[in-house]
Amino acid sequence: MTDALVSTAWLAQHAGDSRLRIFEASQEPASYASGHVDGALQIDWKQDLIEAADESSGNVIDAGRFVALASRLGIRPDDTLVFYGDQGGRHAARALWTFEYYRHPGKLHWLDGGREVWQAESRPLTTGVPNIAPSDYPEPPGPDYTIRATFTDIVAGLDNADLTVIDTRSPDEYDGTDIRAARGGRIPGAKHIFWKTSLAENGALLPKDELKALYAAVSRDGASAAYCQLGVRAAHTWFILRHVLDHPDAKNYDGSWQEWGNLSDTPIENETAP
């Protein structure tokens, strides 16, 4: 396990560290205004993290938009960043994945349990917004392509036993009865591991031994690529595989079903076309 996963107790202890920066990325932007961890700035997952804010694409933002985001948030390369959110923290995982993809030099952390556990423990929230001066964040040296799967990668891996494709969506999306693109169904051969099954009742991750059992079908010896609709729930699964279960070649297919299901010639499986 890497040190990317941190607890609420850890954050409470380190929140005052001079080079530590905290960011909330929740499902609804209004959650931040209602109260957030002291010192946290907001990341709007639709506006800031995906290519198209209308959700017509889940692809990662380009390098220019990443630099603009980091600069607007006042981030410096040596800053330690902590991301948290609500509803299992999937949007916070997408934020961390984005900063890891663009090789942020400082440490990256994801808060286990997010807002729900923080509030359940009666830890304080504030409505005050930090006054942060923009930074001059440098252009990244280049993306870390090892943690991202593209459409081309998935196509090439359809007949490759060394790539495990993981569908993290709901059962109805997986079997094609909940259709959220031009076509419903799944990528052929994809293993279905619904992302929410990784969560305990309080919204934190299951213990590591239970996560190992949940993802036992995903080999550490080969590559894996998680997908969902927009690469957000998939980022949550990617985080678990890479940073909790130490899978060295875990990837997020950020194009996900929004890309695959809206193309007319991609192979699919569903309940009527196995």
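Where a number appears in this text, it was derived from the coordinates with a stated rule and is not lab data. Given the structure is predicted, the values throughout are model-derived calculations rather than measurements. Heads up, the Cβs are rebuilt from the backbone with ideal geometry, glycines too, and the neighbour counts pull from every protein chain shown.
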Of Gln47, Gln13, Gln229, which has the largest mean-square fluctuation in a 10 Å C-alpha GNM of the chain?
-> Gln13
Using Cα pairs closer than 8 Å and at least 6 residues apart in sequence, work out the relative contact order for region 5-120, in percent.
-> 33 percent
Quick one: Debye curve from the C-alpha atoms of the chain, no solvent, what's log10 I(q)/I(0) at q = 0.13, 0.14, 0.15 Å⁻¹?
-> -0.83, -0.96, -1.10
Which whole-number percent gives the relative contact order of the chain, counting Cα pairs below 8 Å spaced six or more residues apart?
-> 22 percent
For the chain, with a Gaussian network of springs between Cα atoms less than 10 Å apart, report the residue from Val244, Val232, Val129 with the top mean-square fluctuation.
-> Val129
Express the relative contact order of region 145-260 as a whole percentage, based on alpha carbon pairs under 8 Å and six or more residues apart in sequence.
-> 33 percent
Mean Cβ count within 10 Å, highest first, over the residues of peptides 104-116, 189-201 = 104-116, 189-201
